[in-house]
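*Asks:* Supplied in structure tokens, the structure appears directly below.
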Amino acid sequence: GTPVLDLDYVEDSRADADANFVLIEGGRIAEVQATAEGATYDEEVLLRLLRLAQIGCAKVFRAQEAATRP
């Protein structure tokens, strides 16, 4: 019932829903794959999952940028 980013195997196998997002810098969406596994979900939950993915990807993009700076 609680959206979580980057689940491990045990968490993922018990999730009510599974959503995978491929996002590119600038917030553009390249791919979305979402499946109801233990329970169905509504549009609000899907948007919450998307927002969580956007936050996580922004952190990854910042880390990548910092790691590649001379």
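The values are calculated or read from the model by the stated rules, or taken from the named source; none is laboratory data. Worth saying up front: this structure is predicted, and the values here are computed from it rather than measured. Cβ atoms come from the backbone with ideal geometry, glycine included; neighbour counts cover every protein chain shown. Accessible surface is based on the protein model in full, side chains and every heavy atom, while ligands, DNA and RNA are left aside. Shrake-Rupley method; radii C 1.70, N 1.55, O 1.52, S 1.80 Å.
*Asks:* R0 = 22 Å: FRET efficiency of GLU44 with ASP18, Cβ-based, nearest 0.05?
*Replies:* Efficiency at R0 = 22 Å is approximately 0.80.
*Asks:* Grab the eigenvalues of the alpha-carbon gyration tensor for the chain, scale each by 5, take roots, and send me the semi-axes largest first in whole angstrom.
*Replies:* Here the semi-axes work out to 26, 14, 9 Å.
*Asks:* Set Lys and Arg Cβ to +1 and Asp and Glu Cβ to -1, take the dipole of the chain about its Cα centre, and tell me which of ALA63, THR35, LEU23 lies farthest positive.
*Replies:* It is ALA63, whose Cα lies furthest towards the positive end.
*Asks:* Could you provide, to the nearest whole Å², the per residue accessible area of the chain with probe 1.4 Å?
*Replies:* For the chain, the per-residue accessible area is 79 Å².
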